[in-house]
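The numbers here are math on the coordinates, done by the rules we state, and not lab data. Keep in mind that what you see is a predicted model, and the values were worked out from it rather than measured. Methodologically, a virtual Cβ is constructed for each residue, glycine included, from the backbone with ideal geometry; neighbour enumeration extends over all protein chains shown.
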Amino acid sequence: MPLKIKLRLLTIVLCIVIVVLCIEAYNAIQEDIYDKGPKAQSPEGDNIVIILSGPSYEPGTGTEPEMTQKPMETQKPVGSKKPVSTKPDRTQIPNEEKPNDLNDIAILVNKTNELPSDFVPLNLVKPDVPFVSGAKNNLMRKEAADALERMFDDARKAGFSLYALSGYRRYDNQKQIFNKNIAKYGSIEAANMYSAKPGQSEHQTGLAMDITSAGVKFKLTEAFGDTPEGKWVAANAHRYGFILRYPKGKEQITGYAYEPWHIRFLGEELAARVYHSGLTYEEYLDKAAGNFND
């Protein structure tokens, strides 16, 4: 074989050897770097745990965050086929599970104890009772609605036909009603004896209902108290958790004229205590607090 060809073959073999040695040296360097490097450079298949911590708070203080986050599920690095979870372990507690004084069925609402304009009670439903034709405010808190249904049913069995006329009213709705009464009675003071200012109406709690009967042509009038239906309600409403909120002769205490049609839900136990005390709700609460003189 000519010498020239032999030299060329030897050169090619040496080049191949050099390339192989360079590749092995490069791999050795990379393995050394990986063994000493941070875990974030781990290859696909290792897990990276990401923990998101939410703001701290004290339960019941009104500072609960919208969402409390716990550690997220383990996620794979980029390139993994496993989806990354962003769902927190728990979400905000529903409002109905939180203590809220405004939704206490014993809440006192009057001219000195107002509700905020944006307050809307929980669990509003329409009672399954007869309503006066055209009645629009036909919702109540569920516990009050259930009690109203029992009362109307028992009244019917006793021979008395009751009709519901006005239950829950929004703040803005009460504002419109009060303004109409100002025009009707000539002044704010006069209107405020027969109608509550917005924020001061028990109807906004969803615990009150105005009721009537055919005997007074389905109107809201003092004459309802003299009807058989009105007398039955006055004597029996407490058995279902209701009281007559604005009784006759107590105008200076309640701040409102006599309303035999306006019943307010307190629950059977509390309503019975108020009824048997012979006091208005304001007087009963004052006496319970030790502020009432016999």
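Between amide H atoms placed 1.01 Å from N, distances below 5 Å from residue 131 occur with 164, all of them 5 or more places distant or on a separate chain.
Just to verify a number: FRET efficiency for residue 223 and residue 193, C-beta to C-beta distance, R0 = 22 Å, to 0.05? The computed FRET efficiency comes out at 0.75. The magnitude of the dipole of the range 99-288, with charges of +1 and -1 set on the Cβ of Lys/Arg and Asp/Glu and taken from the Cα centre, is near 520 debye.
Look at where the Cα atoms of the range 269-288 and of the range 197-215 average out, and the two centres are 19 Å apart. Once backbone amide H atoms are built at 1.01 Å from N, residue 206 has 169 as its partners under 5 Å, excluding neighbours fewer than 5 places away on the same chain. Rounded if a/c is under 1.5, else prolate if a/b beats b/c, else oblate: with a ≥ b ≥ c from the C-alpha gyration tensor eigenvalues square-rooted, which is the range 129-191? In terms of gyration-tensor shape, prolate. When each of the peptides 10-17, 184-191 is scored by the mean number of other C-beta atoms lying within 10 Å of its residues, the order from highest to lowest reads 184-191, 10-17. With 23 Å as the limit, the listed pairs 142/197; 197/250; 136/231 have 142/197; 136/231 beyond it between alpha carbons. Based on C-alpha pairs under 8 angstrom that are at least 6 apart in sequence, the range 104-187 has a relative contact order of 28 percent.
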